[in-house]
Amino acid sequence: MKNFFKIAAVTGIFAAVGLQSCKPKDTANAVSGDSGIKSYVAPGKYDEVYNFVSGGFSGQMSVYGLPSGRLLRVIPVFSNDPEKGWGYSEETKPMLNTSHGMVPWDDLHHVQLSKTNGEADGRWVFGNANNTPRVARIDLTTFRTAEIIELPNSGGNHSSPFITENTEYVVAGTRFSVPMDDANGDVGIDTYKENFKGTLSFISVGKEDGKMDIAFQIQCPGVNFDLSRAGKGVSHGWFFFSCYNTEQANTLLEVNASQKDKDFVMAVNWKKAEEYLKAGKGRKQAVRYAHNTYSEKTHTATSEIKTEVIVLDSKELKDICYFIPCPKSPHGCDVSPTGEYIVASGKLAAVIPVFSYDKMLKAIAAKSFDGEFEGIPVIKYESALYGEVKKPGLGPLHTEFDDNGNAYTSMFVSSEVVKWNIKDLKVIDRQPTFYSIGHLCVVGGDTKKPTGKYLIAYNKITKDRYLPTGPELSQSAQLFDISGEKMKLILDFPTIGEPHYAQAVLASVIKDKSVKMFKIEENAHPYVAKGEKESKVVREGNKVHVYMTAIRSHLTPDNIEGIRMGDEVYFHVTNLEQDWDVPHGFAIKGADNAELLIMPGETQTLKWTPTKVGISPMYCTDFCSALHQEMTGYVRVSPAGSNVPLKFGTGVTKPEVAAASK
């Protein structure tokens, strides 16, 4: 009964404030007369900015141009995508492999661009899988997922993927503390305090090729790690994580994890952790996790199961982790462009605490501690605090920065963006959002040199913003001009999935690096046909391999006979085009998975198991030329055991019997 009243009190407060926030009074007048000009990009003109937006529960990442808000591309990452054959073609299935087997879905929450000297360098963008803990790297020359690595010892992957200023590491903190993978996990859930641990994963990134590897993990007390940011500038060498559920509750967290006035920001000295690693202080732990990579030479993914990680224990190595008290249930944890200020956002707090890196170091040196939590020193709040932003709004979540010394914080409950000055902590401006903003993003707003000019709000509810589409409405992004003292709403546009977090970078950083096609002579796929003369059909028992080519406007071969019921047919389709923006597709009647989308110079494979005797048409699915509709063919399927010979051809009325058939 006691808990009931607590729940009623908490939910009552949010319901009352939430209802009030859903309908700001000035929705009709929110956009001024010249806003259309500021967001208008004429036909044939390019946008100024790439905006990489997570798709949340869609498992995908989308790319928008700003300021127009035009959707440019949806990149499949953790979810099957029939549009591109992602997760369906034989070449991409291994990318979704995990220690649990194929997991064709996830919850992509955060994106991070790779950095050099603390600035976005346009090489890669990383994304996290929140459900089955994984981190993906997307190559920005192809806008395709190049690598996915699974995280052991993790029960969720929320504070991820945040990176250091030279992309030395991608970090991933577990959202749910769980028993370590090599411990007996068959324990009572009410033994949380005894058996559940938190883990921070440090994933190294190859300087030239971007290849990821789990360099080490840090075992931490059993709490929930929410978000993180790397130190930069003066604080390079540190990471900062927001932590909640320091009550270590295991049920009804909405009440039981909100009991204390302060939870923590955890400061992690990863340079010191490296020293301990080199000194052999880590424990080799037996685990299982998948590491999947995609080769643009073979156009094929491979999946490897790895069996070991090195774990450092924060309880034993006293000077790698420190807790800083933070009011209350902290969510966002953001670092200013200089690296001096760490902004924490307690989503139930009435202030925004701003911590000083310099004061934190002095507090550690002076041992200005307020005891320990689970063996980790707790720095006194006042010893690390630079100051508090007073009366910022309700429900502060995330903060990004511009190039003029200002910070912008999203307020979920009061549905607004609040602009404040980093030095004097005074509120300068506040503008409503429509509605319930989560993350926000400034162009370069998490780097050492923000570009400013645009701020994008990512909202959870749209209500009256777009045409209704039944009970489910699109979520939205809203674009603000922040070039003046006052923020100005200039556009809103619907998004794919849930626009959880995003990164924005000037188009000039990425645009000219785009791959236009794959050179056919460099195609190292084992089933490539580099010309129509190399096309063929080969039987190997009940497996039939079709070495097929596609070029405007026919498939080779386009007539195939001699397929039998019980066969597994593999269509290895090579796109012979050497021209930008001329992909070909491939589909066949009765295919129970998807189609293929093959880029110029690339080979992709569709597995097809016939289910009926008869003639099955096949065709190109991507409208590639005026005669696209003629880009078709037929496959004849005969009963099992039939003596119909294997034949194939294109442009001949009666194809020759396949010489290579067995």
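The table below gives the values:
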item	result
Residue among 460, 449 that is open to solvent by 10 Å² or more (accessible area, probe 1.4 Å) and at pLDDT below 95	460
Selected residue (only one of 585, 562, 601 is part of a strand (DSSP E or B), within 27 Å of residue 61 (Cβ to Cβ) and of a type in the set (Gly, Ala, Ser))	585
Flag if residue 311 is at pLDDT 95 or above, over 23 Å from residue 425 (Cβ atoms), outside any loop (DSSP other than H, G, I, E, B) and touching a Lys or Arg at 6+ places or on another chain (Cβ under 6 Å)	yes
Filter result for residue 336 (among the polar types (S, T, N, Q), farther than 21 Å from residue 430 by Cβ and open to solvent by less than 20 Å² (accessible area, probe 1.4 Å))	no
Hits in segment 494-517 (condition: of a type in the set (A, V, I, L, M, F, W, C), at pLDDT 95 or above and either touching a helix residue (DSSP H, G or I) at 6+ places or on another chain (Cβ under 8 Å) or surrounded by fewer than 20 Cβ atoms within 10 Å (Cβ to Cβ) (or both))	506, 507, 509, 515, 517
Conditions (1) over 28 Å from residue 517 (Cα atoms); (2) assigned to a strand (DSSP E or B); (3) open to solvent by less than 50 Å² (accessible area, probe 1.4 Å); (4) touching a residue at least 60 places away in the same chain (Cβ under 8 Å); number of the one not met by residue 633	(1)
Some residue of segment 373-387 being part of a helix (DSSP H, G or I) and without any contact (Cβ under 8 Å) to a residue 40 or more places away in the chain	yes
Search result, residues across segment 267-290 that are part of a helix (DSSP H, G or I) and within 30 Å of residue 344 (Cβ to Cβ)	270, 271, 272, 273, 274, 275, 276, 277
Given (1) crowded, with 18+ Cβ neighbours inside 10 Å; (2) within 23 Å of the chain's Cα centre (by Cα); (3) closer than 24 Å to residue 161 by Cα, number of the condition residue 322 does not satisfy	(2)
Selection count, segment 88-127, where residues are surrounded by 23 or more Cβ atoms within 10 Å (Cβ to Cβ) and without any contact (Cβ under 8 Å) to a residue 60 or more places away in the chain	3
All positions within segment 539-567 that are buried (at least 18 other Cβ atoms within 10 Å of the Cβ), hydrophobic (A, V, I, L, M, F, W, C) and touching a residue at least 40 places away in the same chain (Cβ under 8 Å)	544, 546, 550, 555, 560, 563
Every residue from segment 356-374 that is small (Gly, Ala, Ser), over 33 Å from the mean Cα position of the chain (by Cα) and either under 14 Å from residue 268 (Cα atoms) or open to solvent by less than 70 Å² (accessible area, probe 1.4 Å) (or both)	363, 368, 371
Members of segment 409-430 that are crowded, with 21+ Cβ neighbours inside 10 Å, in a strand (DSSP E or B) and among the polar types (S, T, N, Q)	409, 410
Count of segment 148-174 residues which are buried (at least 23 other Cβ atoms within 10 Å of the Cβ) and among the charged types (D, E, K, R)	1
Any pair with Cβ under 6 angstrom, 6 or more apart, that starts in segment 244-255 at a residue that is farther than 12 Å from residue 177 by Cβ and ends at one that is in a loop (DSSP other than H, G, I, E, B) and of a type in the set (Gly, Ala, Ser)	247/257
Selection within segment 59-83 - open to solvent by 30 Å² or more (accessible area, probe 1.4 Å), under 18 Å from the mean Cα position of the chain (by Cα) and either farther than 25 Å from residue 455 by Cβ or at pLDDT below 95 (or both)	80
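Yes/no per residue for (1) open to solvent by 10 Å² or more (accessible area, probe 1.4 Å); (2) under 15 Å from residue 285 (Cβ atoms); (3) among the aromatic types (Phe, Trp, Tyr); (4) at pLDDT 95 or above:
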residue: 189; (1), (2), (3), (4): yes, no, no, yes
residue: 201; (1), (2), (3), (4): no, yes, no, yes
residue: 225; (1), (2), (3), (4): no, no, yes, yes
residue: 233; (1), (2), (3), (4): yes, no, no, yes
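The values are calculated or read from the model by the stated rules, or taken from the named source; none is laboratory data. Predicted model only: the values in this text are computed from it and were never measured. Counting neighbours? That spans all protein chains shown, and the Cβs are built from the backbone with ideal geometry, glycine included. What goes into the accessible areas is simple: the full protein's heavy atoms, side chains included, and nothing from ligands, DNA or RNA. Shrake-Rupley method; radii C 1.70, N 1.55, O 1.52, S 1.80 Å.
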